[in-house]
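Shown next, in structure tokens, is the structure this report addresses.
Please treat every number below as a calculation from the coordinates, not as lab data. For clarity, every value in this text was computed on a predicted model and none was experimentally measured. Here Cβ is always computed from backbone atoms with ideal geometry, including for glycine, and neighbour counts include all displayed protein chains.
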Amino acid sequence: MPDTPAIEMRRISKSFGSARANIDIDLSVGYGEIHALLGENGAGKSTLMNMLSGIYRPDSGSIFADGEEVRFASPKESIAKGIGMIHQHFKLVDVMTAAENIAIGGRGGLFLNKKRLNESVRELSDRYGLDINPQRKVYDMSVGEKQTLEIIKVLYRGARILIMDEPTAVLTPQEIDRLFAIIRNMKNDGCAIVIITHKLGEVMEISDRITVLRRGEAVGTLETKRTDVPTLIELMVGRRVDLSIKRVVYDGRQDARTDASRPGLQRAKTLSETAGCSPMPAPNVTPGTVLSVSPDGIEISTGEGVLLIKELKMPGKKAMKVREYLKGNTFDR
């Protein structure tokens, strides 16, 4: 693979009024690499890639494609440099065929030789493991087929650098597996691929490197094989998060009230709306929140784990009675 990065972004900043979407971001992606751009919603991922694809212009900073500084005024200029973006919301004309959608916006437009177009589509399909019927109408396609068509569109126009915005958001597990096989085929053919996502499991499965954004800033770039999910979460949210759920069983009301005095357990402020509901991950819930109520007992968040209280001595054992009982009892620090 070439030593020169496929794309390089240096100290890129972008604001919308007083809101700073991107702040001095550096990003480099090489050919033959799958690079994940990871972050919470609103972290600035799509804004950064919209500048690379020519939709937005950066307020400051520089963009390089194949070592040459570029300034894109439109997506047409970006695709001319071999950069294509596949958006989360597809840009297709439903009443047209796959072939017609591919031809729109390209050289020759709809007047392009259809036989030559079909041959090009078949060649791309065989090369990357894509499967599309050029004569099929878009409104007859599944979501996965529409995404495949979007990929063919940018490849047909000569893109070797592909940006995919939340590509698995609306796909079934089977379609995700198929998409990942296509992405790996493109990587093996030397393409540079950037995937915008917030799904940690998929990032660990498909990417080679990961750049994490938090509140508009790049907070780290890591090799996927040398990192783990807890590290990525810490970079995303800015603090260490305990994902474990700890369960402690108490057999009587007095024991529960005694242990409830330890730091972390407060008044049961928020009650479950549904009896018997599944408990939520306690680390993300306000201490004192009732997570579930069922005949087996009550689960309350301590802020560090889950406190399971069993066999409360009270009139009746129905869930509604339990909720009313809890309203009148305070669990102090």
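A simple spin-label model places the labels of Asp94 and Val170 1.1 nm from each other, with each point 7 Å out along Cα-to-Cβ. Judged by the ratio a/c of the largest to the smallest principal axis of the C-alpha gyration tensor, the range 69-188 counts as rounded, that ratio being less than 1.5.
Just so you know, the Rg over Rh for the range 171-238 is 0.99, from Cα atoms, with Rh as the Kirkwood radius.
The range 1-62 and the range 123-158 have Cα centres lying 27 Å from one another.
In a Debye calculation with equal point scatterers on the alpha-carbon sites of the range 136-209 and no solvent, what is log10 I(q)/I(0) at q = 0.19 Å⁻¹? One equal scatterer on each Cα of the range 136-209 leads to -0.82. Backbone geometry of the range 11-25 corresponds, through the Karplus equation with coefficients 6.51, -1.76 and 1.60 at θ = phi - 60°, to 3J(HN,Hα) couplings of 6, 7, 10, 8, 10, 10, x, 8, 8, 8, 7, 9, 10, 6, 8 Hz, x marking Gly and Pro. Applied to the range 47-59, the Karplus parametrisation 6.51 cos²θ - 1.76 cosθ + 1.60 on θ = phi - 60° returns per-residue 3J(HN,Hα) values of 4, 4, 6, 5, 6, 5, 8, x, 6, 10, 10, x, 6 Hz, with x for Gly and Pro. Less than 5 angstrom separates the built amide H of Ile195 from those of His35, Ala36, Leu37, Met164, all sequence-distant by 5 or more or on a different chain. 3J(HN,Hα) along the range 178-195, derived from phi through the Karplus expression 6.51 cos²θ - 1.76 cosθ + 1.60 where θ = phi - 60°, amounts to 5, 4, 4, 5, 5, 4, 5, 5, 5, 4, 5, 8, x, 6, 9, 10, 10, 10 Hz, with x in place of Gly and Pro. Spherically averaged projected area of the convex hull of Cα atoms, the range 2-110: 8.6 nm². About its Cα centre, the dipole of the range 1-62 is roughly 280 debye, where the only charges are +1 on Lys and Arg Cβ and -1 on Asp and Glu Cβ.
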